[in-house]
Amino acid sequence: MASLLVGCATTISFESQPTGAEIHARRLGSDTQPQVVGQTPLQMKTSDFEKLFSAPGPSEIEFRKDGHQPSKIVMTQTINSDITLSMQLSPSNGLDDIDQLNARIDQAFEIQRLARAGKFDEALAKIKTIQKEAPQLSVSYEIEGGIYYLQKKYKQAFDSFTQAAKYNPRNVQAIRMRQKMRAPASVEQPQKKKEPKR
């Protein structure tokens, strides 16, 4: 949800709590992707800000920081006085609402379907997208580990199961697979259980 800011500025200051948020800007009504302006804290001349765009008009400013929910504000004018844009960013776990959770579940089922059909490269590409969008989602690493295991890429499988267990210590399947593999540094196949001597 965007706030509305009406004002005129000769300089624009961008601030956030916590600091280090990326500032993205685009003209309202434009179908272009937002441009990265910089990181907070940042102060710039209005004229430099306006040079980012090919046409005048109101701008949508978005503050983004990993691990936090993005926050937007609309700036209608940028002339004649100074403006400070300050945002308090709320922590996020990557699954901010039920719609996102349902989308992740749907994606996980689609990836499993691709893996069962032997389309491992396509499944892994979709997993990487999920991991970029929700890096703490344990199940993506668990499925990734299973695909690597089927491909006999045991070192990568072990690393993926390790990540799954890190983000969800109650992920029994990931922990079991990790223990089964026993993680030698350059593992190329899982260790086999020794037969008892008779």
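Pairing residues of region 32-49 that are in contact (Cβ under 8 Å) with a residue 12 or more places away in the chain with residues that are among the hydrophobic types (A, V, I, L, M, F, W, C) and part of a loop (DSSP other than H, G, I, E, B), at Cβ distances under 8 Å and at least 6 apart in sequence or on separate chains, gives 35/52; 37/52; 39/21; 40/21; 46/9; 46/79.
Annotation note: of 108, 55, the sole residue that is in contact with a Ser or Thr (Cβ under 9 Å, 6 or more places away or on another chain), surrounded by fewer than 11 Cβ atoms within 10 Å (Cβ to Cβ) and not in a strand (DSSP E or B) is 55.
With respect to the stated conditions, residue 77 fails to be at pLDDT below 85, under 30 Å from residue 139 (Cβ atoms) and outside the structural domain of residue 131 (by TED's automatic domain parsing).
In this entry, residue 23 is excluded by the filter for residues that are under 28 Å from the mean Cα position of the chain (by Cα), modelled with pLDDT of 85 or more and over 26 Å from residue 137 (Cα atoms). Within region 11-47, the set of residues being closer than 24 Å to residue 90 by Cα, surrounded by fewer than 16 Cβ atoms within 10 Å (Cβ to Cβ) and not hydrophobic (A, V, I, L, M, F, W, C) comprises 13, 17, 18, 19, 20, 33, 35, 38, 41, 43. Number of residues in region 130-154 that are basic (Lys, Arg) and under 20 Å from residue 118 (Cα atoms): the value is 2. Would you tally the residues in region 134-154 being exposed (fewer than 15 other Cβ atoms within 10 Å of the Cβ) and of a type in the set (D, E, K, R)? The number of residues fulfilling the criteria is 1.
The values are calculated or read from the model by the stated rules, or taken from the named source; none is laboratory data. What you are looking at is a predicted structure, and each value in this text was computed from that prediction instead of being measured. Virtual Cβ from ideal backbone geometry, glycine too; neighbours counted across all protein chains shown.
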